[in-house]
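Trainee: Can you keep this structure in mind? I'll have questions shortly.
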Amino acid sequence: MNPGFQIIEKELVADLKRRLDRVGLFYRIFSRIKEDHSIQEKIDRKGDYSENKKMQDLLGVRIITYFYDDIDIIYKYLKANYDLDNEVIDNHASDTFKPKRTNLTFRLKKDLLEIFQQSLSSQETQNTRFLDGTYEVQLRTIFSEGWHEIDHNLRYKCRTNWSELNEEERLFNGIYASLETSDHVLQKMFDDIAFSHYRNNHVENLIRTKFRLRFGTEQLKAEIAPIIQENLLIKSIYKIDRDLVINSLLNQVSSFPLNVNTLLFFINFHWLKEKKLLSITQRALLEDFNEII
């Protein structure tokens with residue numbers, strides 16, 4: 001395998017992880033470089049690559065989220081912060097069921113593009129002229145990941161095997177439908193749990209279930225809950241837009257250790273403006289909160 005491509009793959013994954021880890025989203029990330037035989041197989045199967053139409057997924061990254069709504073958060077963040085070349089987003093009609101794709105193709109930044117071009121020139125083959133200085137990012141949920149892998153390898157690449165299997169194809173798509181339903185049910189369940197904690201005035205439990213982030217085991221500081229309850233802030237915490245908070249975290253210049261306390265201080269700094277909470281917020285955190293891209 002070309003060592004230059006391996007360097008690019010490592011840098012791409014490290015950069016994505018560095019940005020996403022600061023938010024505490026539940027996700028997994030995988031990557032791969034197409035092997036020579038896979039490149040040849042795709043060229044043979046597609047049959048339409050040329051100097052004007054090149055392969056854009058030599059380098060591939062897959063981000064797998066635990067929750068359905070996090071796909072849209074990551075999607076918008078990537079589009080705003082990386083050099084988008086094109087995207088494939090499926091929006092099927094309501095009366096048509098097909099699997100959905102969220103695939104984004106980005107251009108390599110300058111330093112990685114130079115490594116890419118040097119790697120191509122040092123290992124030139126008949127197929128290198130069909131390779132493009134881009135990489136693909138696929139976004140999927142953890143429920144749909146296994147299904148997509150099976151579909152790609154045992155149906156998409158083997159269409160002739162399914163030519164007379166209409167009933168089996170319908171059932172196979174039905175499996176995906178049940179997984180997609182599970183994605184929505186899981187998210188709705190946590191929304192309902194968050195509402196229950198709001199109604200019962202359980203501040204820490206509300207924060208954990210509403211925002212669904214990797215907070216760790218640190219508990220809410222004893223002095224915080226009385227301030228929230230005394231000033232009737234729990235309703236404001238419940239009603240605040242989760243996407244807004246997470247996008248703001250993504251756009252922080254400086255990251256900070258994320259737990260239920262620091263997130264609450266962050267929310268208070270930007271939206272609630274409760275003076276008693278501000279007075280017990282560490283100065284270093286206040287300085288970090290003030291640095292938004």
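The values are calculated or read from the model by the stated rules, or taken from the named source; none is laboratory data. These numbers come from a predicted model, not from an experiment. In this analysis, Cβ positions are derived from the backbone assuming ideal geometry, glycine residues included, and neighbour counts consider all displayed protein chains. Note: areas computed on protein heavy atoms with side chains; ligands, DNA, RNA excluded. Shrake-Rupley method; radii C 1.70, N 1.55, O 1.52, S 1.80 Å.
Trainee: For the stretch 19-82, which GluC sites (Glu not before Pro) pass both filters: DSSP loop (anything but H, G, I, E, B) and at most 16 other C-beta atoms within 10 Å?
Mentor: Sites meeting the loop and neighbour criteria: Glu35, Glu51.
Trainee: Mean separation of Cα pairs under 8 Å and 6+ residues apart, divided by the residue count of the stretch 216-293: what relative contact order is that in percent?
Mentor: Relative contact order comes out at 41 percent.
Trainee: Here's another thing I want to ask about it. With charges set only on the Cβ (+1 for Lys and Arg, -1 for Asp and Glu), what does the dipole of the chain come to about its Cα centre, in debye to the nearest 20?
Mentor: Approximately 740 debye in magnitude.
Trainee: Moving on to the next point. Which one, Gln229, Phe190, Gly146, projects farthest toward the positive side of the charge dipole computed for the stretch 112-245 from Cβ point charges (K/R +1, D/E -1)?
Mentor: The one lying farthest along the dipole's positive direction is Gln229.
Trainee: If you take the charge dipole of the chain about its Cα centre, with +1 on Lys and Arg Cβ and -1 on Asp and Glu Cβ, which of Tyr82, Phe215, Asn161 is farthest toward its positive end?
Mentor: Selected residue: Phe215.
Trainee: Using the Cα centre as the reference, give the magnitude of the dipole from point charges on the C-beta atoms of the stretch 100-158 (Lys, Arg: +1; Asp, Glu: -1; all else neutral), rounded to the nearest 20 debye. Intermediate results must be reported in sequence, preceding the final value.
Mentor: On the way: 9 positive and 8 negative charges, 50 e Å.
That gives the stretch 100-158 a dipole magnitude of about 240 debye.
Trainee: Let's see if you can work this out: charge +1 on each Lys and Arg Cβ, -1 on each Asp and Glu Cβ, no other charges. What is the dipole magnitude of the stretch 137-293 about its Cα centre, in debye to the nearest 20?
Mentor: My answer is approximately 560 debye.
Trainee: Working from Cα positions, state the angle (0 to 90°, nearest 10) between the long axis of helix 70-81 and the longest principal axis of the chain.
Mentor: Taking Cα atoms only, the helix is inclined about 70 degrees.
Trainee: Let me ask another. Pull out the extension gain between Thr181 and Ser38, defined as 0.36 nm times the separation in residues minus the alpha carbon to alpha carbon distance; nm, one decimal.
Mentor: 48.2 nm
Trainee: In addition: Which pairs in the list Lys10/Lys109; Lys34/Lys100; Lys17/Lys79 are over 18 Å apart, alpha-carbon to alpha-carbon?
Mentor: Exceeds cut-off: Lys34/Lys100.
Trainee: While we're on this one: Per DSSP H run of at least 4 residues, take -39500 (n - 2.57); add these up for the chain, divide by its residues and hand me the 222 nm value, nearest 500 deg cm²/dmol.
Mentor: -16000 deg cm²/dmol, from helical runs alone.
Trainee: How far is the Cα center of the stretch 1-39 from the Cα center of the stretch 185-251, in Å?
Mentor: 32 Å
Trainee: Largest first, how would Leu258, Leu78 line up by accessible area (1.4 Å probe)?
Mentor: These residues rank, largest area first, as Leu258, Leu78.
Trainee: Additional query: So if each residue of separation counts as 0.36 nm, and I subtract the Cα-Cα distance between Lys239 and Lys17, what length gain in nm does that give? Before the final figure, lay out each step's value.
Mentor: Working: separation 222, 0.36 × 222 = 79.92 nm, distance 2.91 nm.
Extra length from Lys239 to Lys17 when fully extended: 77.0 nm.
Trainee: What label, among [x] -0.35, -0.90, -1.09; [y] -0.24, -0.84, -1.14; [z] -0.36, -1.00, -1.19, belongs to log10 I(q)/I(0) by the Debye sum over Cα atoms at q = 0.07, 0.13, 0.15 Å⁻¹ computed from the structure on display?
Mentor: [z]
Trainee: Further question: How high is the relative contact order of the stretch 90-220, given as a whole-number percent (alpha carbon pairs under 8 Å, six or more residues apart)?
Mentor: It comes to 21 percent, rounded to a whole number.
Trainee: Out of all DSSP beta bridges with both ends in the chain, state the antiparallel percent to the nearest 5.
Mentor: Rounded to the nearest five, the antiparallel share is 70 percent.
Trainee: Still on this structure, I have one more. Using a 10 Å cut-off on Cβ atoms, rank the peptides 131-142, 162-173 from the highest mean neighbour count down.
Mentor: By packing density, highest mean first, the sequence is 131-142, 162-173.
Trainee: Tell me, what is the 1.4 Å probe accessible area of His184, in Å² to the nearest 10?
Mentor: For His184, the solvent-accessible surface is approximately 90 Å².
Trainee: Also: With an 8 Å Cα cut-off and a minimum separation of 6 or more residues, compute the relative contact order for the chain in percent.
Mentor: Across the chain, relative contact order equals 20 percent.
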